[in-house]
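Student: Got a structure for you, written out below as structure tokens; questions coming shortly.
Computed from the coordinates by the stated procedures, all read-outs in this text should not be read as laboratory data. Note that the coordinates shown come from a computational prediction; the quantities given were computed from them, not determined experimentally. Cβ sites come from the backbone with ideal geometry, for glycine too, and all protein chains shown count toward neighbours.
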Amino acid sequence: MIATTRVRSLVSINSRPVLKRHVRLQYDRVRAAWALLSPERVFWPNEVSLDILRLCDGRHTVAEMIALLGDQYGADEAEIAPDVTGFLQEWSDKFLVTL
């Protein structure tokens with residue numbers, strides 16, 4: 001038996017998060033809500049989580065995402081940065097986002 005070890009990717013301000021190929025956002029008309037679909041799992045992100053996930057397109061750096069979300073919500077970037085990076089790290093650890 002061959003043991004494999006996964007190296008944990010860590011979020012940095014320069015990371016360009018993107019949803020994994022097996023993950024997609026889809027609107028559920030019955031529930032009138034957005035779902036993040038992954039094989040054998042469904043997540044129901046809240047509004048803020050959904051806004052972060054929509055920016056996970058591989059084009060935006062984490063710094064750019066924080067700036068855009070700060071403008072959108074009228075929030076101080078320094079205050080929301082730990083929440084955004086923590087969210088992205090959690091979703092990376094769940095194999096849903098690539099950094």
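Student: Where in the chain is the longest stretch that carries no trypsin sites (Lys or Arg not before Pro) classed as loop by DSSP and with at most 12 other Cβ atoms within 10 Å?
Tutor: Within the chain, the longest run free of exposed trypsin sites (Lys or Arg not before Pro) spans 60-99.
Student: Using Cα pairs under 8 angstrom and six or more residues apart, how large is the relative contact order of the chain, in percent?
Tutor: 37
Student: Let me ask something else. Assuming 0.36 nm per residue, please report the length gained on full extension of the stretch Tyr73 to Leu10 beyond their Cα-Cα distance.
Tutor: Here the segment from Tyr73 to Leu10 would lengthen by 20.1 nm.
Student: P(r) for the range 18-94, please, calculated from all Cα pair distances in 10 Å bins and given in %.
Tutor: Over the range 18-94, the share of Cα pairs per 10 Å bin runs 17, 51, 28, 4 percent.
Student: Taking neighbour Cβ counts within 10 Å as the exposure measure, how do Asp51, Asp28 sort from fewest upward?
Tutor: Asp28, Asp51
Student: Spelling out what I want: for every residue of the range 14-26, take phi, set θ = phi - 60°, compute 6.51 cos²θ - 1.76 cosθ + 1.60 (Karplus), and round to whole Hz; glycine and proline get x.
Tutor: Result, ordered by residue: 9, 4, 10, x, 9, 5, 4, 4, 8, 10, 8, 8, 9 Hz.
Student: Can you pull the one-decimal nm distance between simple spin-label points at Arg31 and Arg54, each 7 Å off the Cα toward Cβ?
Tutor: Reported label-point gap for Arg31 and Arg54 is 1.8 nm.
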